[in-house]
Structure formats: C-alpha cells, structure tokens
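Note sheet for the following structure.
Read-outs: derived from the displayed coordinates by stated rules, not from any lab. What you see is a predicted model; the values in this text were computed from it and never measured. Neighbour counts run over all protein chains shown; Cβ positions are idealised from the backbone, glycine included.
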Amino acid sequence: MTNIDGWRSLPAAQQPDWPDTLDAALDRLSSALPLVTPGECELLKQRLAEVSQGRAFLLQGGDCAETFADTTTESVQGKFRTLLQMALVMTFGASIPVIKMGRMAGQFAKPRSSSTETQDGVTLPAYRGDAVNGFGFTEAERAPDPERLIRMHAAAAATVNMLRAESLGGGADLRQAHSWNRDFVASSPVGVRYEALADRIDHSLDFMDACGVDPAALHTTEFFVSHEGLLLDYEDALVRRAPDTGNLYATSAHLLWIGERTRQLDGAHVEFFSRLANPVAVKLGPNVEPDEMLRLMDRLDPDREPGRLTFVARMGVGLVSDRLPVLVEKAAAEGAVASWVCDPMHGNTFQAPSGIKTRSFDDIAEEVTRFFEVHRSIGTHPGGIHLEFTGDNVTECIGGGSDLGFEDLRRSYTSTCDPRLNRTQSLDLAFQVAELMAA
Ligand code: PEP
Ligand code: MN
C-alpha cells in the first residue's frame, strides 16, 4: 500500500536493503498517530514566509544522527536549552524573530558514501542510522531491521512530547535562558568578548520588568521539528490527508529536507516531496548547477508559495563565496520566494591526523560570515543557519570556546556520524552570528 503515488516507480537513492518483514512494519505505521498536525505545518510555512521576506531568521540544529540510546531527558533538554540560548542572543542581535527548529524527533536515518564498511578484513553493511540498523560492527547489528522503524516512531513521539512540554511548560523562560548565557559568558575563555552584548540583554530584560511588561512570549516558545526525509517507506506510511483541504502532509515532522545525495531531479525523493504540502528544504552542495537548482524550484515550489521552499547551502568555507552568488542571483531573477539558509558543517568535514572525522570551529564561523557577505552584496536576506550541535560537553570539533585541539578529540567523541559543536562552541557561534546580524 502507498499513501503517495508516483515515487515507487522511480529510482530511490540511499534506501536500505529491507527484508520482507518491512510491509508488516509499514502497516502498523500507517495507522499510527501523527507526530505533528497540518495546522502546525501551515503555521511553520507562515513563519518561513517571513524568513523568505527578510523579516525572520531560522535557527535549525541538532545531532547529525539521533540515537535510541540518547533519547533521554538530559540529551533532549540539553539540545532544547542550548538552542533557546542561541536564539535569545541572535534575536537580540538581529531584532527580528528567530524561528527555532530542532534537527530532532526523527533524525535517525543517514545517507552513506559507501554502502559497506570494512574493518580488519571484514566487510559488513554500513551503519545507516538507528532507524535502519545498529552501530555495532557485527553481522546481526548491521542487518536492516524494519522493527526499528516502529522504535523510531516511538522515540520521535517521546522526543516531540518532551519538546512541547519544555516549550509551553516553563522550560522556555527567557530570564532563565539569559542566566545560562551569563554563566557561559562568565565561565568560558571566550565569554569576556560577549560581556557587553550580555549586559545589553540584561538591561532590556530589566527595563521590561520595570515597565511591568510580561507577555507569554517571555515564558513560552514555538518550537518546530525537522529531519532529512530519507527513508521514503517510513515517510510515506506517516502521510495523512488534511480533512478540510484534502492536502497530503508528512506527519513525521513539520519540515523535511532532501539531502545532497538524494536530490536527483528524476529520483523518488523529489517526486515524493513534490506531493507534500509541508514546508520542505533541499541541501545544495558546491557542485549544484544553477539550472539544476531552478528545476528543483519548479518541481518543489511550482506556485512560488512563500514559506514552502528553503535552500540549505552547504558549500564549504573555501567555495561559498565563489559558488553561492550565482545561485542566489539566478533564483531571485526567476522570482524565487525560497529562503536561503547556511549549513556551515557539511562542506567543512576533514580527517584529523588520527583519522577521526572532525570540523574546525573557525571554518564553520567563517563560512557563516561569508554567507552573510554574499547576501549583503546581492541585497538578499541571509535567512538562517543549520547546525550539527549538542548540549553535551563533547569533543568532536576543534577550536572555539574552550579551544579544543586534535588531541582532545578522543576524550568525548560520542557522535555515531558527523562531529557536532558542543554547548560552548554553539554559544560561541551564536554570539558571533548575533554580532554579524547586528552589523
Ligand atoms: C546531514 O545533514 O547530516 C547530511 C548528510 O547532509 P548533506 O545531505 O548536506 O550531506
Ligand atoms: Mn551530518
């Protein structure tokens, strides 16, 4: 059975080699409760329409790959709080709303550059995320198991539930978030740089207090969830029709994006996404041709609906100034209403001398700076940033905050996929972006 027609007859990149038990799992998911509603997806579309018109900024982030083991209070709360802290300084810097969106509650599946992995002469299927198989290097762990799709839905539901509780039940208090930022400024080696900005936020909050201004917006927040819509069987099983409009919505997340490896114009992902009413995003790497981008726009946003389409540019620090301008200019010339968001992570991955995957904080910050420069020179809006980060004190990226070096990487590297910014590095970046926005 299928909820969306058309895509099943097209080539779908990066799909696991599922066993026959897949159908039974999909049957169960087809009657599972949705994680988000069409009304929420439409609200996000309105918010992203503001981004596309230069009146809001998107802050999207979370793990490269969520895991079932890390679906814990500490992990979810840590990411939520860090994102909130980042959004607070960025809102202050930009004086426009910052839309908060987790790479959370569904980011359990990964595209891989190779479908196998070899260790000590043994070759097994590559790890494709907890939604598909296990990280452990054994035949049993690495076998794709459809039961994991059910677990993914449950883990995502629990995560989204916690995020809603945090957003509305007192976990999103701006005074609280600001006091955590004060702790960062006081305790991190780079904090002193940001003292003046933190002081100004203090004064603004005091001023509002003194005036008796205490709107709900200071205690609660909107929070949206997103992930790469990679596993089309899973996404299809969770598609539901809105009774009032008849439109089809992916109900696994408010926003889904198509990754750099699955955005083929004649492929199943683009076809599948073209039928959804959700806001959608597409990653664009340095080798995308301007015409390819325009055709993606025609396929995914033929009506030029504000808020529908977001382009996430992941060019790398060395290429962004060269490759991004022509894309932004051509899109604008074609009447694009797409938003532009910068992913400064995926074009800046390299191997440390030990062979471990890492990224440099300075490269990441510099790509964001150049992204802003490109948009400012063209007169378009730098619409947001897309990050891989965690609230935990991991050591996966070098530089930033506490100035981690290559030798620190082995200390606390817990990502099962790409290296993330830790909490200090994330806040360091947020203060830098706030300065860029205020400039
Ligand atoms: C990712 O976001 O983790 C990812 C795989 O990105 P990209 O599709 O841009 O390579
Ligand atoms: Mn990644």
Here the tail fraction of P(r) beyond 20 Å, over all Cα-Cα pairs of region 304-439, rounds in percent to 47
In the chain, whole DSSP H helices that both stretch 18 Å or further along their axis by alpha carbon positions and average at least -1.0 on the Kyte-Doolittle scale are 38-52, 73-94, 147-168, 174-187, 195-211, 320-333, 361-378, 423-438
Quick shape check on region 115-170: root eigenvalues a ≥ b ≥ c of the Cα gyration tensor, a/c under 1.5 is rounded, otherwise prolate if a/b tops b/c, else oblate, and it reads prolate
In whole Hz, the Karplus estimates of ³J(HN,Hα) for region 249-262 (6.51, -1.76, 1.60; θ = phi - 60°; x where Gly or Pro) are 10, 5, 10, 7, 6, 5, 10, 10, 10, 9, x, 4, 8, 10
For region 167-313, averaging the sequence separation of alpha carbon pairs under 8 Å that lie six or more residues apart and dividing by its residue count, the contact order in percent is 18
Relative contact order of region 1-146 (C-alpha contacts under 8 Å, at least 6 apart) in percent is 25
Using alpha-carbon coordinates alone, the radius of gyration and Dmax of the chain in Å work out to 21.0, 70
Taking the chain and counting helices only, DSSP H stretches of n ≥ 4 at -39,500 (n - 2.57) each over all residues, the nearest-500 ellipticity at 222 nm comes to -12500 deg cm²/dmol
Isolated cysteines for the chain, Cβ-Cβ cutoff 4.7 Å, are CYS41, CYS211, CYS342, CYS397
Flagged as over-length at 29 Å C-alpha distance, from LYS79/LYS330; LYS45/LYS79; LYS110/LYS330; LYS45/LYS357, the pairs are LYS79/LYS330; LYS110/LYS330; LYS45/LYS357
Residues ARG420, ARG164, ARG323, ARG240 in order from fewest to most other beta-carbon atoms within 10 Å are ARG164, ARG240, ARG323, ARG420
Assertion target for MET297, MET90, MET437, ordered by fewest C-beta neighbours within 10 angstrom first, is MET437, MET297, MET90
Taking 0.36 nm per residue of separation between SER9 and CYS211 and subtracting their Cα-Cα distance, the length gained on full extension comes to 66.5 nm
For the chain, the dipole about the Cα centre with charges only on Cβ (Lys and Arg +1, Asp and Glu -1), to the nearest 20 debye, works out at 360
Its Cα gyration tensor gives region 239-307 an equivalent ellipsoid whose semi-axes in whole Å, largest first, are 23, 13, 10
Quick note on LYS357, LYS79, LYS100, ordering by fewest other C-beta atoms within 10 Å, gives LYS357, LYS100, LYS79
